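To start, the structure itself, in structure tokens.
The values are calculated or read from the model by the stated rules, or taken from the named source; none is laboratory data. The structure presented is a predicted model; accordingly, all values stated were derived computationally and were not measured. Positions of Cβ are backbone-derived with ideal geometry, glycine not excepted, and every protein chain shown enters the neighbour counts.
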């Protein structure tokens, strides 16, 4: 008998606008079943589907430029509603249970409101509740500063809450219940015969999460990897095994590519940049100073001591980057700024790349065979990414899924 | 320049189902105006109109029999949403402001969930925010136990929060903004020419609140009286002076009756009760043991050593009282139980009764002149109450308003 952390996302809590409580009761039954097996169970819940957006819309209507502290006070209520409801649902099923906000279990974070980072968790109250035989229900997505201010962890933060609590409790497993069955080799909406993975390594999952897979939030995977928390991604609607995210095992390397993803990006080019030392440092220094992450960079050596420098950023940063680039062009006497917000990054990920050579070549020719032009390339030890035109995104993912044998034999995905 | 506490109720915060933010911004402007006059301002807010009911409905759907602790965790989110929105609205108007939940300002209560009582308030964080020139926004209706559990103070609890904070801060005044202009001599829907009172004593207000006036919650008036907090009831929609609730002044006694009220009650009669010592004690002991308050009691001495005992309770307790009474009738060998849930208590209240004699006689004859039968009577130093049939409620209030000159000369109430 161990400690099991179970996290339920918004869709598993029901839709707010419909005041739907069926999904919640269904999720509660799942929790109760685990408790009935004799485990200590801690449940982390998200806000009901649609509620967080509604709250942020309301706040935005009142004052879109207000202090982030107040947005967090407001947004954190969605999860507080969920903990109350989940505890009540479990009590209805006959299981003693108690709810805690982030503050109540001492989920300490820094004061970076709307995107706070967890610093420590005080497990005393949780362990005390366990000793009293209670199921513990904790609000995801939220924490509290040393001063007692309420913080939120950013979108998808409930995954991080769950994994962090699992780490603090040294839980046997952190189960993430979601509206999909597990982690797939590719987005099943794009590749209908995409395989569901039984196991995946932390590193692969981390790459997939940051490259477009929405199943788990990137920071939650980092946490799981750092604290070696076994994470299981499961469907909250069907009782099927799901995907275990765990440490790399030797047999994992037999597979060359574990998954393919695509994620929207935007490309910015500075054309006719004088070929002088320090210019690139100036460009990317100015962008970094605005807290904007640059993803891929390429420099084309041109004629007349002038180069073109292209890089990609997330689309939400494009407007700010163009403004910075326009200022820079004047300052460094470059020719002009070009931008393209219709590009995507397609990636192939797998720890098998460490031992298999030729993955990049296979990827490039698979794309070339479909007539897809590669604009930028970047690689790491376990992934290869290419920037291509957005219109080819789905075609590219399907081509790579076929090339790297990421599909099931059977014609139809059973679902 | 002093400290001013302002409390805004649900209607002053806007309707949740319409995502209405106009009312909120209007209330924020009122706060800002007070701050601009140089005062330290603390705002206590209720949940948006309709939200608390929605939350409790949701909870009731999941589990109406769940632990009250979880209902409080849930219900307290309504006010938490309001503090975030009010702080954002004030910031939009250019006024630095900061929100606090009950827990964040150490609003300590006992652990009587859903009807907790305030024990102490830690004003350090509030005073620190004042020193930084900030408007402080506090969630009404909620507190926290020593263990850190969230509690709520019961319906209308935001009034109590506001008065308690005003007491702790030794505020110059606690302004209660509401959807009426102030305290009236009678319900203006019943008596269209009812006068608005400029001043009323704590004791009178306490009687009026417990006898049916819904303007202020009874406990908030008790608090104000005990700590001598001047309370002002004002309209949040019109800039008119309102009613000051304050200590009794000598000139207040010149008025015989300050106000008249009516409140629904239910009457229970035990018929044919054996005339033996200890029977009444048994009856009311059993009822009190179930935490039910009995209001008025009358015993008619009958023939054959048998009496009839009648008493009134609030209508919501009637079902439980009938069950107790039926058990009692068997146990004490009484004849039967009769009940009537169509009675009201009409009352006349005024500190002037201390010095004016003959108020009761005037009241009884005013009712008799309209052919209204008085079923039970109770009096205290500053009030007289009569139980009458519900169908005469409005007629009785109008007759008493006329008798005690509680109406304006002008024909129409200006509004």
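Values for this structure:
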item	result
Given (1) touching a helix residue (DSSP H, G or I) at 6+ places or on another chain (Cβ under 6 Å); (2) loosely packed, with under 14 Cβ neighbours inside 10 Å, index of the condition residue A:247 fails	(1)
Evaluation of residue B:68 against (1) more than 9 Å from chain A (Cβ to nearest Cβ); (2) surrounded by fewer than 24 Cβ atoms within 10 Å (Cβ to Cβ); (3) in contact with a helix residue (DSSP H, G or I) (Cβ under 9 Å, 6 or more places away or on another chain) (one fails), failing number	(3)
Residue, surrounded by the fewest Cβ atoms within 10 Å (Cβ to Cβ), within region A:357-375, restricted to residues that are in contact with a strand residue (DSSP E or B) (Cβ under 9 Å, 6 or more places away or on another chain) and either touching a residue at least 40 places away in the same chain (Cβ under 8 Å) or assigned to a loop (DSSP other than H, G, I, E, B) (or both)	A:373
Elements of type strands (runs of 3 or more DSSP E) contained in region B:210-308, each with 3 or more residues being closer than 30 Å to residue B:28 by Cα	B:231-235, B:243-246
Matching entry among B:51, B:58, B:24 (being over 25 Å from the mean Cα position of the chain (by Cα) and farther than 20 Å from residue B:171 by Cβ)	B:58
Residue B:185 being farther than 25 Å from residue B:14 by Cβ and outside the structural domain of residue B:25 (by TED's automatic domain parsing)	yes
Number of positions in region A:240-293 that are on the phi > 0 side of the Ramachandran plot, in the same structural domain as residue A:356 (by TED's automatic domain parsing) and touching a strand residue (DSSP E or B) at 6+ places or on another chain (Cβ under 8 Å)	1
Output for region B:10-59, where each listed residue is within 28 Å of residue A:95 (Cβ to Cβ) and more than 9 Å from chain A (Cβ to nearest Cβ)	B:52, B:53, B:56
Of all residues making up region A:132-152, the number that are over 14 Å from residue A:70 (Cα atoms) and in contact (Cβ under 8 Å) with a residue 60 or more places away in the chain	7
Filtered residue count, region A:79-131, keeping only those that are within 17 Å of residue A:3 (Cα to Cα), without any contact (Cβ under 8 Å) to a residue 60 or more places away in the chain and more than 13 Å from every other protein chain (Cβ to nearest Cβ)	4
Test set (1) more than 13 Å from chain B (Cβ to nearest Cβ); (2) within 16 Å of residue A:28 (Cα to Cα) - residue A:138 fails condition number	(1)
So residue B:76, is it crowded, with 21+ Cβ neighbours inside 10 Å, within 21 Å of residue B:6 (Cβ to Cβ), at the interface with chain A (Cβ under 9 Å from one of its Cβ atoms) and out of contact with any helix residue (DSSP H, G or I) (no Cβ under 7 Å at 6 or more places or on another chain)	yes
Single match in A:381, A:391 (criterion: loosely packed, with under 13 Cβ neighbours inside 10 Å and without any contact (Cβ under 8 Å) to a residue 40 or more places away in the chain)	A:381
Given (1) modelled with pLDDT of 95 or more; (2) assigned to a strand (DSSP E or B), number of the condition residue B:394 does not satisfy	(2)
Any hit, region B:338-356, residues being buried (at least 18 other Cβ atoms within 10 Å of the Cβ), within 25 Å of the chain's Cα centre (by Cα) and in a loop (DSSP other than H, G, I, E, B)	yes
Where residue A:11 falls short, out of the listed (1) surrounded by fewer than 24 Cβ atoms within 10 Å (Cβ to Cβ); (2) in a helix (DSSP H, G or I); (3) at pLDDT 95 or above	(3)
